[in-house]
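Read the structure below first, then the notes.
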Amino acid sequence: MRVTQLFTRTTKNVPADEVSKNAQLLIQAGFVYKEMAGAYAYLPLGLRVVENIKQIVREEMNALGSNELIMTSLQHKDTWLPTGRWDDKVVDIWFKSHLQDGTEVGLAWSHEEPIVQMLQQYVHSYKDLPISLYQFQTKMRNELRAKSGIMRGREFVMKDMYSFHTNAKDLEQYYNDTIEAYKRVYERLGIGDDTYVTFASGGAFTKFSHEFQTICEAGEDIIYLHRAKNVAINEEVIDDAVKELGITRDELEKVKTAEVGNIFNFGTQKTDEMGLFYTDADGQQQSLHIGSYGIGITRVMGVIVEKYSDEKGIVWPEAVAPFRVYLARLGENDDVIKAADELYSHLTQAGVAVLYDDRNDARAGEKFADADLYGIPYRVVVSDKTVAAGKLEMKKRTSKEAQAVSAKELMKQLGAEA
Ligand code: ATP
Ligand code: MG
């Protein structure tokens, strides 16, 4: 993409009420636009990051044999009555409205009940099971406080997956496979080393649910870590878990974290409450065993920004960066324009995502400052000087020194075929 075609520009103006680092940087870089507290638009550069995160999650969920779909944002009150979760005293973050004829509807904050309801049409016999479904969907939650930028939205993108099984053992196997898939996801996203599978409250069947908690100063959670045993416990269940695991509290280290994922084993509770059953091989009616698995897509993006930035801006891990290369053309001479244009199409054709700064009205310093703020992993310069030398100037976002490289060496560094 050419910078001259990009509608956003970097800015120093951040809304006065924006206190979080992630939103400040993302607004300055033009990745997001703040509509109001807890509601952000994802602009072209921000959307590319969201899509990169989604694609990594998608690949891992597909590998689990899950089916991608999109459920509706408008939800029927009746769907939520059997489990008691329409009640505002039970779920305190509902946005509710009504149709013109007075029918009450809610805006999707989760899809557990609607998915179970939908499956009444598709699951009848043991032959239909197991199945797993997932989606990327914008959830609406009327959160009390929204001060953590995109880490806590009143509207945010979640990946939610639901699995359905004939028996507890099958669910447990899938649940454990999902834990492994989640570990791969966070690893690929660049936060694997700081993300812990954490004992948390909840889970209708098992005593604990599992959260994925990433060490992050701006996070809203606190966990207790046993690094040697690789055990992590959310503070909300600390007494229970310590007893269960046979460890003592003073062996544990207290750290601030952000919850980037959460998985539940519901056992047969939801199916029994909502009346979703299947017929087994003997013609008997049986309850389904259900698991529910979330990842906060936009929260993960916020966490990455919180963890990977410096005084100049964002430092994206390569796998999620909006572009891999920031190509800065310095100068307007024909041979410089020609060399930069050619490199741009060469890289693009090789499958490398390039943001091409083809502006005539920006100075070198401005282009470099933008490249740093955007956090793009590689900055490549084409100028009178580089054209004369028959080389390019390449600098990684993470290093201080620029180096002279040939086009061929650059392609090699990027792992792209010439
Ligand atoms: P929290 O405790 O942070 O409020 P939760 O336990 O209510 O989150 P879940 O219902 O488990 O959240 O949702 C699955 C995932 O969605 C969470 O693990 C988190 O990563 C993300 N998430 C939840 N609420 C928000 C929010 N308001 N903004 C952004 N992401 C969120
Ligand atoms: Mg949770």
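The values are calculated or read from the model by the stated rules, or taken from the named source; none is laboratory data. It should be emphasised that the depicted structure is a prediction, and the values quoted were computed from it without experimental measurement. Backbone-built Cβ (ideal geometry, glycine too); neighbour counts: all protein chains shown. What goes into the accessible areas is simple: the full protein's heavy atoms, side chains included, and nothing from ligands, DNA or RNA. Shrake-Rupley method; radii C 1.70, N 1.55, O 1.52, S 1.80 Å.
At a glance:
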read-out	value
Any hit, the range 164-173, residues being within 26 Å of the chain's Cα centre (by Cα), over 15 Å from L69 (Cβ atoms) and open to solvent by 60 Å² or more (accessible area, probe 1.4 Å)	yes
Qualifying residue in the range 29-42 (condition: in a helix (DSSP H, G or I) and either open to solvent by 30 Å² or more (accessible area, probe 1.4 Å) or touching a helix residue (DSSP H, G or I) at 6+ places or on another chain (Cβ under 6 Å) (or both))	no
Among residues of the range 118-148, those that are outside any loop (DSSP other than H, G, I, E, B) and either under 30 Å from G219 (Cβ atoms) or of a type in the set (F, W, Y) (or both), counted	10
Selection within the range 144-157 - open to solvent by less than 30 Å² (accessible area, probe 1.4 Å) and not polar (S, T, N, Q)	A146, G149, I150, M151, G153, V157
Some residue of the range 335-351 being among the hydrophobic types (A, V, I, L, M, F, W, C), assigned by TED's automatic domain parsing to the domain that holds V260 and open to solvent by less than 20 Å² (accessible area, probe 1.4 Å)	no
Filtered residues of the range 16-28 (kept if outside any helix (DSSP H, G or I) and open to solvent by 50 Å² or more (accessible area, probe 1.4 Å))	A16, D17, V19
Condition check for E220: open to solvent by 40 Å² or more (accessible area, probe 1.4 Å), within 16 Å of ligand 2 (Cβ to nearest atom) and within 22 Å of the chain's Cα centre (by Cα)	yes
Residue satisfying condition, being open to solvent by less than 50 Å² (accessible area, probe 1.4 Å), more than 16 Å from ligand 2 (Cβ to nearest atom) and under 25 Å from Y134 (Cα atoms), within set A200, A181	A181
Among the candidates K147, K139, residue that is in contact (Cβ under 8 Å) with a residue 60 or more places away in the chain and among the basic types (K, R)	K147
Enumerated strands (runs of 3 or more DSSP E) restricted to the range 176-287, each holding at least 1 residues that are aliphatic (A, V, I, L, M)	195-200, 209-215, 221-226, 231-234, 253-267
Residue match in the range 186-201 (condition: within 12 Å of ligand 1 (Cβ to nearest atom) and in contact with a Leu (Cβ under 6 Å, 6 or more places away or on another chain))	no
Every residue from the range 288-302 that is outside any strand (DSSP E or B), aliphatic (A, V, I, L, M) and near ligand 1 (Cβ under 9 Å from one of its atoms)	I297, V300
Verdict on V242 being over 25 Å from the mean Cα position of the chain (by Cα), within 16 Å of ligand 2 (Cβ to nearest atom) and open to solvent by 10 Å² or more (accessible area, probe 1.4 Å)	no
Test: residue in the range 98-107 that is out of contact with any Asp or Glu (no Cβ under 8 Å at 6 or more places or on another chain), open to solvent by less than 70 Å² (accessible area, probe 1.4 Å) and assigned to a loop (DSSP other than H, G, I, E, B)	yes
Qualifying positions in the range 204-217 - at pLDDT below 95, surrounded by fewer than 19 Cβ atoms within 10 Å (Cβ to Cβ) and not hydroxyl-bearing (S, T, Y)	A204, F205, K207
Condition met for S110 (in the same structural domain as F277 (by TED's automatic domain parsing), in contact with an Asp or Glu (Cβ under 8 Å, 6 or more places away or on another chain) and in contact (Cβ under 8 Å) with a residue 40 or more places away in the chain)	yes
Which listed residue is open to solvent by 10 Å² or more (accessible area, probe 1.4 Å), away from ligand 2 (no atom under 16 Å from the Cβ) and touching a helix residue (DSSP H, G or I) at 6+ places or on another chain (Cβ under 8 Å), from R363, R359	R359
Criterion: in the same structural domain as T279 (by TED's automatic domain parsing), under 30 Å from D282 (Cβ atoms), over 23 Å from the mean Cα position of the chain (by Cα) and not hydroxyl-bearing (S, T, Y) - qualifying residue of L119, L64, L99	L119
Residue check, V157 within 30 Å of P15 (Cα to Cα) and at pLDDT 95 or above	yes
Scan of the range 245-292 for residues that are at positive phi and open to solvent by 10 Å² or more (accessible area, probe 1.4 Å), ordered by number	G246, G275, G283
